[in-house]
Amino acid sequence: MQRRLISLIINGQHHQLAVEPQWTLAQVLREQLRLTGTKIGCDTGDCGACTVLVNGKPVLSCLTLAGTVEGDDMKTIEGLADGRHLHPLQESFLEHGALQCGYCTPGMILAASSALDQSNSLSAETIREQLSGNLCRCTGYQKIIAATQAVSDRNEQQTSRSGNAAVSATEPFRIDGVEQVTGTATFTDDLMLPRMLYGKILRSPHPHARILSIDTSKAEQLTGVLAVMTGPELPTKHGILPSSQDETALSIDKVRYVGDPVAAVAALDELTAEKAIQLIEVRYELLPPILTIEDALRTDLPKIHQEANYENNVAKHVELEFGDVAKGFAEAEYVREDEFFYSANTHAMMEPHCAVASFEPSANKESYRDGHLTLWSATQTPHYVHRTVARVLEIPSSHVRVIKPHVGGGFGGKSEPLALEFCAAWLSIKAGRPVKITYTREEVFSSHRGRHATKMWVKTGVKKNGAITAIQYKAWLEGGAYGSYGVVTSYYTGQLLTMPYKVPCYKFESHRLYTNKPPAGPKRGHGAPQPRFAFEVHLDRIAEALGIDPVDIRLRNLVEPNSLTVNALRITSCGIRECIGKVVEASGWREKRGKLPRGRGIGIAASAYISGAAKEIYWLGLPHSAGVVTINRGGGVTVFTGASDIGQGSSTAIARIVAETLGIHIHNIRIYEADTDLTPVDLGSYSSRVTFMAGNAILDAARVLREKLFAAAAEKLGAPAQSLTAKDG
Amino acid sequence: MANDPGKNLLFAGVGGQGVLLVAELAARAAIHAGFDAKKTEVHGAAQRGGSVVSHVRFASKVYSPLTPAGEVDILVALEKLEGLRWASFVRPSGLIILNEEERVPAQLTDKPVEYPRQIDTFLIGKGFQTVLINATEIATSLGNYRAANIVLLGAIADAAGIPMDSWMAVIRQHLPPKILELNINAFENGIELKRRTHAAASHLTDH
């Protein structure tokens, strides 16, 4: 399309740019000017991550055409700080811990700064209203409001009393905090490699269909298209679990949900790639879709996976009994049964999935397999991406390097390799150039792997005083089109139900079902929230029937520290009794329960979750986590950890562990994380395992280093090593 | 309702126009009439130039609230540019009810830009049945410009295929008594206006 020369004033600097009429301001800022602090979360004006200031007002740059802001005074996050001196809001966000993954942070800070520029005195209500167009998935907003409020209060004091507003944060809340608040943190989509192409994936419009033919010839002929791929090129089946190898990089003979990937292209720019996938002609034969749990259990309907073990669309059946359940129910003085349904939901992390692949070929003309692939991916699990991509692309894993840049939240949705990683890598091999694929928000939703919709039945026997004598539980999990982590979910839904309570005997049965919907997988508390919801409501109903306060029935049944549950989960330290005590006191439970006006209520539920799994997914004999702590030539400490900081702050936690163990300031520690060439193995950021497992690995390493330091120092000082302490370093 | 394909509706406008209310009423009217209905909406960015949109689908069985692009039967645009923005979702020869309301997008309010002309002609040229209604003016004449959304709802009442008693039942059930009469008036005006427009269009076609 014809380009037009325009002048933009951004952060006080004048730029002359030739732009196409349809280019958005966000596109021009990020791709032409490399001001990548402006983020794209949805590209449809819903999330606020792309907020910039135009003449002082917050504007969604993804909805603004670049040509319409010619001559306006614009500010992006890169222009907020004064040189190396942060803006008071940036300092306040750091002080208050008002950020986690950092993806919404630039937009949030700019929206807040605009509000502060309009008024020196903002109420919390006004701040909420002003920030209402900016979504945050991690923080829960309270700290963001507090951070903005603090600057407003300080401004007000300055106006009335000319007070001093000096701010200093000596102990950083996050080691990457300054990068997050200044927009310099590099996320995968911020990477722009020389000669890089843009990839797009064609997806199925049908929930269940056989692929009769795919004609890519028109797409291949389109000017600007450098590579096209279809399913048969990468036929190796994969799946995150050894027992769920039921996916291919792209669909080969069948599509199983609306959004199932079918073909992919790489082109010089996104628009050409988009046009190219629309030129691919796919002929389908429609098959009846299976869309409900009930239909998935029927044996007279087509199977979604022909090779699956069961005669209907059951993907996994689990049945386990612990203790004598019949006896437990016989001893009960009250037995209750209830049914529940928990809807599916998705992770909605702010950063869409993105992968950038760069393949360096070897001189061997016969095979690409001697070449080296570098893959940057917004993933929670570089280790699994590394091994799966190598296997599917049939490249030695020693020739594959996976690097995880900053990640804008995962919540379980980035826990396994997805089509974009395979496609970016294969298209890069085919085109001989780097390829980036960023999912649209719609693709993020259809790739899903979110919480399983679950139908549940639960039966509990109790004594008159509320003491549980037995529980029986059944669950039907709607798994969608592929296996994902579903086998794990099938166990977790039953195994984790008992955790907060003493249950003398327990029996559960679960079915995970294939349906023609986006695949379900792990999402925050993988498998646990569904039974938790069901059981806690069920327990309240029991309490009500017996005339017992809901708090008291929970206190009567709570697990004790250093105990085993009936299904052999090890409870170590456990403060749930103290926790409930404090909640009851702080909430005014005893005064409020049953006494609030109509429409108001107060409730309680208890929950618990595991710290990772004791058994790894692949039994390779590798440690679950490892860490390397070294003293570098400058006298500082360099840490190599495989743990993936996905915004939850694991790198900061690791730095703090090292700082405390070695008695040095956190500023003297540099962390290198989640790079499969450089850092030791870590299974990934999921299942609440990182601080526990990677943290303990790093603690071990730091202690070994401290012993060596003490031994060396003891020799020099002529003092016993046991008498030494490390501090103020 | 067995195997009734129902309708796919799309309501679009800008913040404060009452898009979500009319979508809610349409979904409830469909349920009242015995259909299965699903609804979803996006309304995050209205203050900053984004649109408010709500999908409503009803049929004997509905699995997803989202209508794919090109499959909407009726688009109700409470603002003309929003009609243009969402027209790609409407099926060939589908119905677009366009409110004669022009709001310059927030990011362009202080710019010397001209609001696009002849949006209705453009949409007719694309093959859509396009009906332009000055709902804001009608609502104002009835007592409150804010009832324009209900005028437009009235304008789709016949085309949606939901019985009139279901529409009236949900309007009575969901609107506060203070503004009920005004809104029933607005709804009935919308029905009449669309019927008259339809008759006029048929008359033209006859020639």
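Say we look at the range A:328-353 and pick out the residues that are of a type outside the set (A, V, I, L, M, F, W, C) and part of a loop (DSSP other than H, G, I, E, B); which of these is surrounded by the fewest Cβ atoms within 10 Å (Cβ to Cβ)? So, considering only residues that are of a type outside the set (A, V, I, L, M, F, W, C) and part of a loop (DSSP other than H, G, I, E, B), the one surrounded by the fewest Cβ atoms within 10 Å (Cβ to Cβ) is A:Ser343. Considered as a group, the residues in the range A:651-681 that are part of a loop (DSSP other than H, G, I, E, B) and closer than 26 Å to A:Ser398 by Cβ include one that is nearest to the chain's Cα centre (by Cα), and that residue is A:Ala674.
Among the criteria (1) within 13 Å of chain B (Cβ to nearest Cβ); (2) more than 29 Å from the chain's Cα centre (by Cα), the one A:Ser121 does not fulfil is (1). Note on the range A:496-532: residues that are β-branched (Val, Ile, Thr) and open to solvent by 10 Å² or more (accessible area, probe 1.4 Å) total 1. Residues being free of Cβ contacts under 8 Å to residues at least 24 places away in the same chain, small (Gly, Ala, Ser) and out of contact with any His (no Cβ under 8 Å at 6 or more places or on another chain) are entirely absent from the range A:53-60. Contact map, the range A:142-156: residues that are among the β-branched types (Val, Ile, Thr) paired with residues that are not in a helix (DSSP H, G or I), Cβ distance under 6 Å, separation 6+ or inter-chain. Pairs shown: A:Ile144/A:Ala98.
Being β-branched (Val, Ile, Thr), over 15 Å from B:Lys80 (Cβ atoms) and in a helix (DSSP H, G or I) is the requirement here; does B:Thr197 meet it? Judged against the criteria, B:Thr197 is a match.
Scanning the range A:43-59 for residues that are open to solvent by less than 20 Å² (accessible area, probe 1.4 Å), more than 9 Å from chain B (Cβ to nearest Cβ) and part of a loop (DSSP other than H, G, I, E, B) yields a total of 2. Residues that are basic (Lys, Arg) and within 28 Å of A:Ser687 (Cβ to Cβ) within the range A:571-617 comprise A:Arg577, A:Lys582, A:Lys615, listed in sequence order. Kindly evaluate A:Ser121 against the criterion of being over 30 Å from A:Glu442 (Cα atoms) and open to solvent by 50 Å² or more (accessible area, probe 1.4 Å). Judged against the criteria, A:Ser121 is a match. Could you grab me the full set of residues in the range A:543-579 that are among the charged types (D, E, K, R), open to solvent by 20 Å² or more (accessible area, probe 1.4 Å) and either without any contact (Cβ under 8 Å) to a residue 24 or more places away in the chain or touching a strand residue (DSSP E or B) at 6+ places or on another chain (Cβ under 8 Å) (or both)? A:Glu544, A:Glu560, A:Arg570, A:Arg577, A:Glu578, listed by residue number. Report yes if some residue within the range B:41-51 is in contact with a helix residue (DSSP H, G or I) (Cβ under 9 Å, 6 or more places away or on another chain), away from chain A (no Cβ under 11 Å) and open to solvent by less than 50 Å² (accessible area, probe 1.4 Å); otherwise report no. Looking for residues that are in contact with a helix residue (DSSP H, G or I) (Cβ under 9 Å, 6 or more places away or on another chain), away from chain A (no Cβ under 11 Å) and open to solvent by less than 50 Å² (accessible area, probe 1.4 Å), one finds none in the range B:41-51, hence no. Scan the range A:274-284 and tell me whether some residue there is within 14 Å of chain B (Cβ to nearest Cβ), touching a Leu at 6+ places or on another chain (Cβ under 9 Å) and open to solvent by 20 Å² or more (accessible area, probe 1.4 Å). Yes, there is a match, as at least one residue in the range A:274-284 is within 14 Å of chain B (Cβ to nearest Cβ), touching a Leu at 6+ places or on another chain (Cβ under 9 Å) and open to solvent by 20 Å² or more (accessible area, probe 1.4 Å).
Yes/no matrix, rows are residues, columns are (1) under 17 Å from the mean Cα position of the chain (by Cα); (2) surrounded by 16 or more Cβ atoms within 10 Å (Cβ to Cβ):
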position: B:Pro116; (1), (2): no, no
position: B:Phe122; (1), (2): no, no
position: B:Thr136; (1), (2): yes, yes
position: B:Val151; (1), (2): yes, yes
position: B:Ala155; (1), (2): yes, yes
position: B:Gly161; (1), (2): yes, yes
position: B:Met164; (1), (2): yes, no
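Any idea which residue in the range A:390-432 is surrounded by the fewest Cβ atoms within 10 Å (Cβ to Cβ), counting only those that are β-branched (Val, Ile, Thr) and part of a loop (DSSP other than H, G, I, E, B)? Top of the filtered list is A:Ile395. Residue count for the range A:223-258 satisfying the condition of being more than 18 Å from A:Gln306 (Cβ to Cβ) and surrounded by 24 or more Cβ atoms within 10 Å (Cβ to Cβ): 4.
Every condition in (1) more than 11 Å from chain A (Cβ to nearest Cβ); (2) open to solvent by less than 20 Å² (accessible area, probe 1.4 Å); (3) free of Cβ contacts under 8 Å to residues at least 40 places away in the same chain is met by B:Gly16 except one, and the failing one is (2). Of all residues in the range A:533-542, those satisfying the criterion of being open to solvent by 20 Å² or more (accessible area, probe 1.4 Å) and either free of Cβ contacts under 8 Å to residues at least 60 places away in the same chain or under 31 Å from the mean Cα position of the chain (by Cα) (or both) are A:Phe533, A:Val537.
The set of residues in the range A:444-500 that are assigned to a strand (DSSP E or B) and within 29 Å of the chain's Cα centre (by Cα) comprises A:Arg451, A:Ala453, A:Thr454, A:Lys455, A:Met456, A:Lys474, A:Ala475, A:Trp476, A:Leu477, A:Glu478. Go through the residues of the range B:89-110 one by one and say whether even a single one is under 15 Å from the mean Cα position of the chain (by Cα) and within 14 Å of chain A (Cβ to nearest Cβ). Among the residues of the range B:89-110, at least one is under 15 Å from the mean Cα position of the chain (by Cα) and within 14 Å of chain A (Cβ to nearest Cβ), which makes the answer yes. Within the range A:617-646, can you find the residues that are in the same structural domain as A:Ala694 (by TED's automatic domain parsing), out of contact with any strand residue (DSSP E or B) (no Cβ under 8 Å at 6 or more places or on another chain) and either among the aromatic types (Phe, Trp, Tyr) or over 26 Å from A:Val487 (Cα atoms) (or both)? Those that are in the same structural domain as A:Ala694 (by TED's automatic domain parsing), out of contact with any strand residue (DSSP E or B) (no Cβ under 8 Å at 6 or more places or on another chain) and either among the aromatic types (Phe, Trp, Tyr) or over 26 Å from A:Val487 (Cα atoms) (or both): A:Arg633, A:Gly634, A:Gly635.
Residues of the range A:181-224 that are under 29 Å from A:Gly102 (Cβ atoms) and part of a strand (DSSP E or B): A:Phe187, A:Leu197, A:Tyr198, A:Gly199, A:Lys200, A:Ile201. Identify the residue in the range A:60-75 that is β-branched (Val, Ile, Thr) and out of contact with any Ser or Thr (no Cβ under 7 Å at 6 or more places or on another chain) and, among all such residues, is farthest from the other protein chains (Cβ to nearest Cβ). Only one residue tops the list, namely A:Val69.
Kindly check whether there is at least one residue in the range A:354-369 that is at pLDDT below 95, surrounded by fewer than 24 Cβ atoms within 10 Å (Cβ to Cβ) and among the aliphatic types (A, V, I, L, M). Yes, the range A:354-369 contains a residue that is at pLDDT below 95, surrounded by fewer than 24 Cβ atoms within 10 Å (Cβ to Cβ) and among the aliphatic types (A, V, I, L, M).
For the range A:259-285, the set of residues classified as in contact with a Ser or Thr (Cβ under 6 Å, 6 or more places away or on another chain) and assigned to a loop (DSSP other than H, G, I, E, B) consists of A:Gly259, A:Asp260, A:Ile280, listed by residue number. Per this entry, A:Gly83 is counted among residues that are surrounded by fewer than 23 Cβ atoms within 10 Å (Cβ to Cβ) and more than 9 Å from every other protein chain (Cβ to nearest Cβ).
The values are calculated or read from the model by the stated rules, or taken from the named source; none is laboratory data. These numbers were taken from a predicted model, which means no experiment stands behind them. Counting neighbours? That spans all protein chains shown, and the Cβs are built from the backbone with ideal geometry, glycine included. Quick note on the areas: whole protein, heavy atoms, side chains included, nothing else; ligands and nucleic acids left out. Shrake-Rupley method; radii C 1.70, N 1.55, O 1.52, S 1.80 Å.
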